[in-house]
Amino acid sequence: GESVGLHLPTLSVQEGDNSIINCAYSNSASDYFIWYKQESGKGPQFIIDIRSNMDKRQGQRVTVLLNKTVKHLSLQIAATQPGDSAVYFCAENAGGTSYGKLTFGQGTILTVHP
Amino acid sequence: GAVVSQHPSRVICKSGTSVKIECRSLDFQATTMFWYRQFPKQSLMLMATSNEGSKATYEQGVEKDKFLINHASLTLSTLTVTSAHPEDSSFYICSASPRAANEQFFGPGTRLTVL
């Protein structure tokens, strides 16, 4: 659903710790999911994606987990660094592609303390 | 590769004036471009989908006569905020998808402030 007038959840971690950011999606027909990182005053930056026929996908220092049963998505960041501080959004697409319409989640502010 | 630019990055205008924001795909052709609006500490909300050579498709609640979108070429889409009011102040972000590619690339955003 849409995020209207809500304050973003926050997550504070120490440098070197692992971070887990969660996202609940609403459309059971969504079959493609993406995580984006947005730094202050900038556009979203692609991190990692996953299709609904998978439940886990790994990238460099990041892992995305998908639980379709409970419509839950998570992003794990290993050895979090100060440069990872940003707002993280999940996005879903019911058309199976990222060049179709994306619905963005609420977002989570990640702060990494040195 | 796959760079999307927006111009201007920041704009301040008086209430009642119109403002045009450009979105360009610099190194690829984009058959589809999307326009989003983001209020402070909120998520991105899709305003409209723009296909080259055809009329834009607006999301529910977005006034097409107020937010004019033109996608005249495969590398350029423009958003014109007409008769801007202070409540239109927001961060406007575009994205573009290359042909036959499975990814959407985002521009750096345009901060609009209406006084």
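The values are calculated or read from the model by the stated rules, or taken from the named source; none is laboratory data. Predicted model only: the values in this text are computed from it and were never measured. When we count neighbours, we look across all protein chains shown, and the Cβ atoms used for this are built from the backbone with ideal geometry, even at glycine.
Looking at A:D55, is it touching a Phe, Trp or Tyr at 6+ places or on another chain (Cβ under 7 Å) and over 14 Å from A:I21 (Cβ atoms)? No. With respect to B:K41, is the statement that it is surrounded by fewer than 17 Cβ atoms within 10 Å (Cβ to Cβ) and free of Cβ contacts under 8 Å to residues at least 12 places away in the same chain true? Yes, satisfied. For segment B:20-34, filtering for residues that are more than 18 Å from A:Q45 (Cβ to Cβ) and either modelled with pLDDT under 95 or within 12 Å of chain A (Cβ to nearest Cβ) (or both) leaves 3. Of all the residues in segment B:60-113, those that are part of a strand (DSSP E or B), out of contact with any Asp or Glu (no Cβ under 7 Å at 6 or more places or on another chain), over 27 Å from A:G95 (Cβ atoms) and away from chain A (no Cβ under 14 Å) number 1.
Any residue in segment B:42-57 that is of a type in the set (A, V, I, L, M) and outside any strand (DSSP E or B)? For segment B:42-57, residues of a type in the set (A, V, I, L, M) and outside any strand (DSSP E or B): present. Scanning segment B:49-59 for residues that are surrounded by fewer than 21 Cβ atoms within 10 Å (Cβ to Cβ) and either facing chain A (nearest Cβ under 10 Å) or in contact (Cβ under 8 Å) with a residue 12 or more places away in the chain (or both) returns B:T49, B:N51, B:E52, B:G53, B:S54, B:T57, B:E59. I'd like to check something: does segment A:82-94 contain any residue that is more than 11 Å from the chain's Cα centre (by Cα) and exposed (fewer than 13 other Cβ atoms within 10 Å of the Cβ)? Yes, because at least one residue in segment A:82-94 is more than 11 Å from the chain's Cα centre (by Cα) and exposed (fewer than 13 other Cβ atoms within 10 Å of the Cβ).
Scan segment A:18-46 residue by residue and report those that are modelled with pLDDT of 95 or more, within 15 Å of A:F104 (Cα to Cα) and of a type in the set (V, I, T). Once the filter is applied, which keeps residues that are modelled with pLDDT of 95 or more, within 15 Å of A:F104 (Cα to Cα) and of a type in the set (V, I, T), segment A:18-46 yields only A:I21.
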